[in-house]
1. Ignoring everything except DSSP H segments at least 4 long, calculate the 222 nm mean residue ellipticity for the chain; use -39,500 (n - 2.57) per segment, divide by total residues, nearest 500.
2. For the stretch 321-458, just run the numbers: alpha carbon Rg, then divide by 2.2 N^0.38 Å, N being how many residues it has.
3. To the nearest 20 debye, what is the magnitude of the charge dipole of the chain about its Cα centre, counting +1 on the Cβ of each Lys and Arg and -1 on the Cβ of each Asp and Glu?
4. If you filter the stretch 301-389 for chymotrypsin sites (Phe, Trp or Tyr not before Pro), then keep DSSP loop positions with at most 10 other Cβ within 10 Å, what is left?
5. If amide H atoms are built 1.01 Å from N in the plane of the peptide, which residues on other chains or at least 5 residues away come under 5 Å of the amide H of THR212?
6. Just the number, please: percent antiparallel of the DSSP beta bridges in the chain, rounded to the nearest 5.
7. Mind sorting SER196, SER73 by how few other Cβ atoms lie within 10 Å of their own Cβ, fewest first?
8. Working from Cα positions, state the angle (0 to 90°, nearest 10) between the long axis of helix 22-33 and the longest principal axis of the chain.
Amino acid sequence: MANPQERPSSLDLDVLIVGAGFAGLYALHRLREMGYTVRCCDRAEGVGGTWFWNRYPGARCDVESMDYSYSFSPELEQEWQWTERYPAQPEILRYLNHVADRFALRPDIRLGTRVAAAVLDESQQIWRVRLEQGTRAETVRTRFLVMASGCLSAARLPDIPGLGSFTGTTYHTADWPHEGVDFTGRRVGVIGTGSSGTQAIPLIARQAAHTTVFQRTANFSLPARNRPLDPDAVRELKARYREHRQFVRYTPNGTARRNNDVSALTVPPRERTAEYEARWQEGGGGFIGAFNDLLKDEAANDTAAEFLRGKIREIVHDPAVADALTPRGFPVGSKRVTVDTDYYATFNRPDVTLVDVRADPVQRITAPGIRTGSADHHLDSIVFATGFDAITGAVLAVDIRGRDGLALREKWAAGPRAYLGLATAGFPNLFLITGPGSPSVISNMVVSIEQHVEWISDHLGWLDKNGLWSTEADRRAEDDWVRHVAEVADTTLFPRGASWYVGANVPGKPRVFMPYVGGVGTYRRVCEDIAAGDYPGFVTR
Ligand code: FAD
Ligand code: N01
């Protein structure tokens, strides 16, 4: 707990947490249990983060529910009943609301409150943080600032001319109306075929009079094969949940996925195809674990890519449409593989049109619809499934100024730099949950979030136990870590896709591969060693 006599008299809080999603809720609970004075702010009008905002049809997770859930409370994990293998957004949001109530978090959460700026007061080693609630603004003084602001929370509209001129209705998947949208009888255009688009398109198509999908990059998509959970299997897993969670924490991805430790190139072609087929039938992202070199070796990756291209040709009847839906030019997995229900089959519907905007580019949005090089598409609604300014977007949307008034935006102008993805030199007592350089989006994020929350809170406890007030990443340690993150990425095929992992979806964003792909378990051990060694790489005072 913070030592009261060391607090500057003007301090309002020990810790301010930005964001009330999976990360912010757990951070609030854990730090409050340790005795800190903590508040959490979210610009949303409810808790849940991702699951508050993304209410589009078909929104669900693609990590299995029994793993995509908190492990910090054995009671919570026993009492909560998931209904599906991949629960839909409303169920995950109910879960997070249950967590907020069960742990009495709400009194310390301020909703509808945006954190606009944070300035380090060097003389007192505290943060002055500007909060905005509608037209009201106030400044709070806090010792620690924890950015639990999300890797996929800064939604992006595309830079298409004429965006404001459309006279129909527009929606972004990550800011979906709470009352839902009835597309019955409407001509709907969907821009974007990433995870959100591939989940939403089949359901929109079932309802709308006509659906036009504007695809820029064809992506690899795997069938989810979602299903209700088998009560016996749930009971069996719950009986050994503790052991299972401990196992998952040290796996490469923070999931119970079966990773086959064999090269795709050493097995006979028929055996290889059988393995791919079994995983395709099983459904979900486990396909990528079929062989140990799919994300390392181009020739190995090609075998998986070719299998998936064959599936598209099998499912989609019109060869020209199948061809346009076929991903080419990047390895499977280097852009996040999407997990869908009936995505490819949707293109067999007579009321669905695919527009390949690489071949026929969007020129502008007009009053009645979308104009491409070859046609005017008349629409009643446009759905933007165009993604996020990922990983750094929400952090840099806050004007954060550290030592000598340096803006974090300036420090990260050529790409984000953070030690372990947890802290950044020049910004003492500022923590990033699932920040750049940590496994974050390459993992089951709930596992990575819990690990970061626990590591940060343990570090705070250690500082106080040792009578220290502040902690800051050492610049050399940070440089070494950033280099290591890039070196590890370069041993894989990940940087080869023009994905949001490298910032390729945001014009002008520096092209840096942001997540750490060395594995969740490996990363956890590094963090554990650093804690056990009294935090080398951090300057504490
Ligand atoms: P978030 O849930 O994004 O919460 C961050 C919160 O911070 C938001 O509510 C936001 O409003 C708030 N915030 C940001 N900036 C400010 C500010 N300046 N002031 C005030 N509030 C602010 N991950 C998986 O591992 N498995 C999945 O299956 C999976 N499915 C996903 C499906 C969708 C549709 C999306 C978009 C993401 C998915 N993810 C998945 C990633 C998901 O984001 C994480 O799993 C997890 O929910 C992130 O939790 P978080 O608390 O870190 O961030
Ligand atoms: O966003 P995306 P998302 N003109 O960036 C296209 C998680 N998630 O919201 O590929 C035309 O992936 C863009 O094209 P291109 C998950 O981590 C998980 O779908 O850049 N098209 C792309 O097709 C995921 O990866 C689930 O060429 C334009 C699409 O828009 C992450 O969130 C569900 C364009 C954006 O895809 C983001 O997913 C949902 C333009 N100007 C989200 N601009 C699960 O299932 C962009 N695009 C778990």
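Readers should treat all values here as calculations from the given coordinates under stated rules, not as data from a laboratory. Just so it is clear, the model here is predicted, and its values are computed rather than measured. All Cβ positions, even for glycine, are placed from backbone atoms using ideal geometry, and neighbour counts span all protein chains on display.
1. -9500 deg cm²/dmol, from helical runs alone.
2. Normalised Rg, Cα atoms only: 1.48.
3. Here the chain has a charge dipole of around 680 debye.
4. The qualifying sites: there are none.
5. VAL188, GLY189, VAL190, THR353
6. 45
7. SER73, SER196
8. It is inclined by approximately 20 degrees.
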